[in-house]
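Everything on this sheet refers to the single structure shown next.
The values are calculated or read from the model by the stated rules, or taken from the named source; none is laboratory data. Predicted model only: the values in this text are computed from it and were never measured. Note that each Cβ is placed from the backbone with ideal geometry, even for glycine, and that neighbours are counted across all protein chains shown. Heads up: the accessible areas ignore ligands, DNA and RNA and are worked out on the full protein's heavy atoms, side chains in. Shrake-Rupley method; radii C 1.70, N 1.55, O 1.52, S 1.80 Å.
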There are 2 protein chains.
Amino acid sequence: MGVSSISDKLFQDKPVLYLGDTSLSGAAGYLAGLMTAFAIGFEYVPSDQTLSSELPSVERKLFVLSDYPSTRMPRAVQAIVLAQVKRGAGLLMIGGWESFHGHGGDWDGTLIGDALPVEISGEDDRINCDQPALVLKSSDHEVVDDLPWNVRPPGIGGFNRVSVRPGSATVLLVQTFQVFFDAKRFEFTPRDQHPLLVLGTHGNGRTAAFMTDLAPHWVGGLVDWGDGERVKSQAKGSWEIEVGNHYAQLVLNMLAWTGQLSKVQL
Amino acid sequence: MGVSSISDKLFQDKPVLYLGDTSLSGAAGYLAGLMTAFAIGFEYVPSDQTLSSELPSVERKLFVLSDYPSTRMPRAVQAIVLAQVKRGAGLLMIGGWESFHGHGGDWDGTLIGDALPVEISGEDDRINCDQPALVLKSSDHEVVDDLPWNVRPPGIGGFNRVSVRPGSATVLLVQTFQVFFDAKRFEFTPRDQHPLLVLGTHGNGRTAAFMTDLAPHWVGGLVDWGDGERVKSQAKGSWEIEVGNHYAQLVLNMLAWTGQLSKVQL
């Protein structure tokens with residue numbers, strides 16, 4: 001069996017390389033559980049392990065980084081990832097305290113950071129929302145069009161504050177609110193809007209930046225977003241998740257679009 | 001050194017017995033971190049360990065159960081806990097998927113469940129909020145009076161649905177909302193109110209039921225509730241938390257009132 005057939009097999013089995021979200025026994029249980037439910041094969045690297053050149057050298061359809069500190073990915077390894085993205089793989093960064101700038105993410109000024117469709121801050125970009133923050137669709141796009149944003153907008157718990165790079169498509173925003181209670185009723189005052197899901201390209205590959213998290217606590221009510229049967233799943237080596245059906249659909253849409261997985265996997 | 005002096009020493013060091021929230025490397029990091037910040041000594045038992053009679057036989061000021069399944073506490077051990085509560089210790093149950101009835105909590109029909117100030121459902125009582133749910137003060141009480149409920153009501157992500165037992169004091173409610181987006185603005189419609197913090201007594205002891213969680217994901221925005229310097233802390237054997245100052249104050253108030261800790265510890 002030659003190298004190309006080994007790569008081919010690995011590609012078939014594990015088209016996604018998923019980095020971060022602490023560990024499969026922790027926050028990574030969400031995305032890993034969903035990919036398991038969708039029958040999307042993935043290779044996983046926990047947040048405390050440095051990425052060597054081996055795993056990103058295998059041909060992939062999609063690289064997902066979520067709460068994976070930039071210090072865990074040497075510049076030469078980032079270059080290997082980006083070479084695949086230029087050839088057509090997808091690159092998705094999901095928000096969190098160790099994503100974008102965050103508190104220890106520090107992706108600003110890196111090769112990966114420069115390939116994303118958003119400009120990452122040089123300082124702590126974490127916005128924690130103790131009052132409501134609701135998601136708003138800002139443009140039509142296949143990633144979001146099959147979901148009930150108007151009828152049932154979901155809440156989130158926090159996000160990384162970034163700015164959109166020219167030429168990128170902002171498809172979701174987050175609207176924050178200030179709420180008062182005047183002894184009879186709650187009064188909601190809209191405050192700020194920030195980009196929440198931004199899409200772009202890098203060479204032949206698609207890129208996406210999702211500024212909230214897919215795991216608690218920033219995911220907020222989004223993890224339970226749904227009106228139908230709850231989605232239950234469990235990745236190998238992880239714990240059983242139970243999440244909302246709309247949340248699951250949104251995650252699937254983001255993975256499928258960014259990784260162009262639809263024809264291969266779904 | 002006689003038995004009484006051993007008990008006395010343990011009481012001095014560890015006035016709180018804290019059960020549940022998975023493990024110190026997981027969700028228990030929040031409450032354990034806060035108790036560490038407040039210099040409240042505690043003994044900890046993870047959710048997957050059965051409680052033997054030894055730890056609750058040591059004299060305590062407060063028992064805290066949070067996502068600790070009733071199957072982990074044999075009836076005879078529950079009786080030991082309640083004997084202490086009758087003599088003056090506090091009993092606090094914090095909500096979650098494995099609290100009250102939940103999904104595997106199953107505290108209805110137990111000795112501990114019967115001693116709480118709320119009636120626990122015989123079926124799944126979990127309410128996951130994908131849209132805003134805000135906390136509302138419903139009566140004046142020292143547990144809640146020093147916090148800005150009207151100026152800055154915090155959100156939560158979910159709660160156990162219980163009913164209040166006659167003679168108990170409901171001091172916090174949760175108000176759920178249905179939200180629409182009409183292409184120009186978000187419209188908030190109030191839906192249901194449910195008890196969120198209920199206080200009572202059991203013999204000479206104080207009891208409290210807090211129906212949301214102190215850890216993600218149900219804690220929601222409450223974990224970040226604050227307007228001042230963030231509270232950072234780390235329990236021994238756990239990870240570093242960073243939370244809102246009002247959240248920390250609320251937790252301290254609940255522990256101090258229920259366990260009558262104020263004169264001893266704070």
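Points worth noting:
- The stretch between residue A:142 and residue A:240, if pulled fully straight at 0.36 nm per residue, gains 32.4 nm over its current Cα-Cα span.
- Sparse-neighbour loop sites [trypsin sites (Lys or Arg not before Pro); the range B:15-101; at most 12 other C-beta within 10 Å; DSSP]: none
- Antiparallel DSSP beta bridges within the protein assembly as shown, as percent of all bridges there, nearest 5: 65 percent
- Computing FRET efficiency as 1/(1 + (r/R0)^6) for residue A:163 and residue A:57, where r is the C-beta to C-beta distance and R0 is 22 Å, gives about 0.10.
- Copy-to-copy label distances for residue B:39, where each label lies 7 Å from Cα along Cα-to-Cβ, are 6.1 nm in order of increasing length.
- Additional length obtainable on full extension of the chain from residue B:43 to residue B:83, 0.36 nm per residue less Cα span: 12.5 nm
- Using a Förster distance of 35 Å, the FRET efficiency for residue B:192-residue B:13 (Cβ separation, nearest 0.05): 0.20
- Projecting 7 Å from Cα along the Cα-to-Cβ direction, the label point of residue B:13 sits 4.9 nm from its equivalents in the other copies, listed shortest first.
- Amide H contacts under 5 Å for residue B:164: B:119, restricted to partners 5 or more places along the chain or on a different chain, H placed in the peptide plane at 1.01 Å from N.
- Vicinal HN-Hα couplings computed from phi for the range B:193-207 (Karplus, 6.51 cos²θ - 1.76 cosθ + 1.60; Hz; Gly/Pro x): 10, 9, x, 10, 9, 10, 10, x, 9, 8, x, 8, x, 9, 10
- Low-density loop positions, trypsin sites (Lys or Arg not before Pro), the range B:152-259 - DSSP coil, at most 12 other Cβ in 10 Å: B:184, B:185, B:236
- As a fraction of the 1.4 Å probe accessible area of the range B:49-126, surface on carbon and sulfur atoms comes out at 45 percent.
- Per residue value of the accessible surface for the range A:130-266 (all protein chains in place, 1.4 Å probe), Å²: 40 Å²
- Difference of contour (0.36 nm per residue) and Cα-Cα distance, residue A:25 to residue A:150: 41.5 nm
- Note that the range A:89-103 has calculated 3J(HN,Hα) couplings of 6, x, 9, 10, 10, 9, x, x, 5, 10, 10, 6, 7, x, 10 Hz, one per residue in order, obtained from phi through the Karplus relation 6.51 cos²θ - 1.76 cosθ + 1.60 (θ = phi - 60°); glycine and proline are x.
- Computed helical MRE - 222 nm, the protein assembly as shown, DSSP H runs ≥ 4 contributing -39500 (n - 2.57), nearest 500: -6500 deg cm²/dmol
- With a 1.4 angstrom probe, the accessible area lost at the A-B interface totals about 2900 Å².
- Charge sum, other residues only, whose C-beta stays under 11 Å from residue B:125's C-beta, Lys/Arg counted +1 and Asp/Glu -1: -3
- Averaging 1/r across all pairs of distinct Cα atoms in chain B and inverting the result yields a Kirkwood radius of 18.6 Å.
- Inter-copy label distances at residue B:71 (7 Å, Cα→Cβ; nm, one decimal): 4.1
- Amide H contacts of residue B:100 (H built 1.01 Å from N, in plane; Pro and chain starts excluded): B:107 sit under 5 Å, all sequence-distant by 5 or more or on other chains.
- Cross-link pairs exceeding 22 Å in C-alpha to C-alpha distance, out of A:137/B:184; B:14/B:86; B:137/B:184; A:14/A:236; B:61/B:232, comprise B:137/B:184; B:61/B:232.
- For the range B:177-192, 3J(HN,Hα) per residue [Karplus equation, 6.51 cos²θ - 1.76 cosθ + 1.60, θ = phi - 60°, Hz, x = Gly/Pro]: 10, 9, 10, 10, 10, 9, 5, 10, 8, 7, 10, 9, 10, x, 10, 10
- Under the combined filter of DSSP loop state and at most 14 neighbouring Cβ atoms within 10 Å, the range A:157-266 retains these GluC sites (Glu not before Pro): A:229.
- Sorting B:71, A:176 on solvent-accessible area from highest to lowest, probe radius 1.4 Å, gives B:71, A:176.
- Close amide-amide hydrogen proximity is noted between residue A:43 and A:16, A:17, A:18, each under 5 Å apart and 5 or more residues distant or on a separate chain (H modeled in the peptide plane; Pro and chain starts excluded).
- Relative contact order %, chain B, counting alpha carbon pairs below 8 Å whose residues are six or more apart: 21 percent
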